[in-house]
Amino acid sequence: MEKVSIKDVAKKAGVSISTVSRVLTNSAPVSEDLRERVLVAVEELGYSPSNIARSLRNGKTRTIGFILPDITNPFFAYIVRGVEDYIRPYGYTLILASSDQNKNEENHILDAFISKHIDGLLFTGTGDSNPKLLKRIEQGLKVVFLDRILKGVNSSYVVVNNSKGMKLLLDYLIDTGHKSFLFVNGDKNTFSARQRYEAFLEKMKSGDYKYEHHFTSFSYDAGYIFGSKLKNISQYDVVVCGNDLIAFGIVDALEEKGIRIPDDISITGFDDIPFTKHFKPALTTVHQPIYEMGKKAAEIILKMINEGISSVDGVILDPELVVRESTRRR
């Protein structure tokens, strides 16, 4: 049996091939009469799986896309779990893709998701702005931003109060006698890294503290490489890390040099991914309600889909300080 082609669908529906394409890709307006004829032909000929045709007809595929920067980062894994646990009882499926901090890949994934007719998108972007995404939002795509707030976009978001988390951490370090700070931060184009840097800088300038700041990336390898190159460690009381993965890398690199933590220097993280309490030494960090971030984002995107609204108010969750073994009073 020969494979059914788009030409066969067009012939059966009595329309042009371009009209069939517009209906299936939702790339341009088509009258309801033509749309119905195409979808009936698609289903009868089996050009696409019948469930896809039905979903196009009722306007929902019950799928949600999630673009995130690094699928190997446990921080995002626990967000994903929160999303899935919330949407699954409602019959929705999550489609994941990692952009690897690459804007072109991010846009490629966005196009692929749109072609699959996702009902909504959860988005953790690589930087400040994404013109293609802005255009899609203007065209009606429902988006919730996670761990990011994109400039120029009136849309929903779920973030943790990064500034508050950094201030909690620094207040604790200052109260325990730390006076010289090295901040090894994450990707400079990300919302969270900038927020943490701004809070760090504000606190440092409020007193007589010695400090340095460096942007790198939110990964174990970045921390390990930075720590391997770090010299004159005695000039710092503490290395404040932009996330837990950076801290893990720095701890391992410094311990290979014979530097004792926290005896010689304190190390802190940010996120409180589940491994931190089992790491040796157990890491002092800022707890973000990661799983709850995913659940809240899922709740918002389903509300937007079901009620046909473009956005709801953004949500800012509170962090908590968690003191463990990687810091001590100086």
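Odds and ends about this structure:
- When the range 172-193 is filtered for residues that are open to solvent by less than 60 Å² (accessible area, probe 1.4 Å) and either part of a helix (DSSP H, G or I) or without any contact (Cβ under 8 Å) to a residue 24 or more places away in the chain (or both), the ones remaining, listed by number, are Y172, L173, I174, F191, S192, A193.
- Of the listed requirements (1) under 25 Å from the mean Cα position of the chain (by Cα); (2) free of Cβ contacts under 8 Å to residues at least 40 places away in the same chain, L254 misses just one: (1).
So that you can scan it fast, the table gives a plain yes or no per residue for (1) over 21 Å from F113 (Cα atoms); (2) surrounded by fewer than 17 Cβ atoms within 10 Å (Cβ to Cβ); (3) among the β-branched types (V, I, T); (4) at pLDDT 85 or above:
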| position | (1), (2), (3), (4) |
| --- | --- |
| K11 | yes, yes, no, yes |
| I17 | yes, yes, yes, yes |
| V20 | no, no, yes, yes |
| V23 | no, no, yes, no |
| N26 | no, yes, no, no |
| V38 | yes, no, yes, yes |
| N51 | no, yes, no, no |
| R57 | no, yes, no, no |
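- The residue of the range 194-211 that is nearest to F123 (Cα to Cα), among those that are outside any strand (DSSP E or B) and among the charged types (D, E, K, R), is R194.
- Residue check for G308: out of contact with any Pro (no Cβ under 9 Å at 6 or more places or on another chain), free of Cβ contacts under 8 Å to residues at least 60 places away in the same chain and within 24 Å of L96 (Cα to Cα): yes
- Residue satisfying all of: in the range 106-131; open to solvent by 10 Å² or more (accessible area, probe 1.4 Å) and of a type in the set (D, E, K, R); modelled with the highest pLDDT among these: D119
- Of all residues in the range 62-79, those satisfying the criterion of being open to solvent by 10 Å² or more (accessible area, probe 1.4 Å), in a helix (DSSP H, G or I) and in contact with a helix residue (DSSP H, G or I) (Cβ under 8 Å, 6 or more places away or on another chain) are P74, Y78.
- L134 vs. criteria at pLDDT below 80, open to solvent by less than 50 Å² (accessible area, probe 1.4 Å) and not hydroxyl-bearing (S, T, Y): yes
- Test result for E212, out of contact with any Cys (no Cβ under 8 Å at 6 or more places or on another chain) and under 21 Å from R330 (Cβ atoms): yes
- Some residue of the range 146-162 being in a helix (DSSP H, G or I) and surrounded by fewer than 21 Cβ atoms within 10 Å (Cβ to Cβ): no
- Taking the criterion of being out of contact with any strand residue (DSSP E or B) (no Cβ under 9 Å at 6 or more places or on another chain) and not polar (S, T, N, Q), the residues of the range 304-330 that qualify are E307, G308, I309, R329.
This table checks each residue for (1) touching a Gly at 6+ places or on another chain (Cβ under 8 Å); (2) open to solvent by 50 Å² or more (accessible area, probe 1.4 Å).
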site	(1), (2)
D221	yes, yes
K229	no, yes
Q235	no, yes
C241	yes, no
A253	yes, no
G258	no, yes
G269	no, no
P289	no, no
E299	no, yes
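- Counting the residues of the range 80-113 that are part of a helix (DSSP H, G or I) and either free of Cβ contacts under 8 Å to residues at least 12 places away in the same chain or more than 15 Å from I305 (Cβ to Cβ) (or both) gives 17.
The values are calculated or read from the model by the stated rules, or taken from the named source; none is laboratory data. Keep in mind that what you see is a predicted model, and the values were worked out from it rather than measured. No Cβ is skipped: glycine too gets one built from the backbone with ideal geometry, and neighbour counts run over all protein chains shown. Ligands, DNA and RNA are stripped out before the accessible areas are found, and what is left, the full protein with its side chains, is counted by its heavy atoms. Shrake-Rupley method; radii C 1.70, N 1.55, O 1.52, S 1.80 Å.
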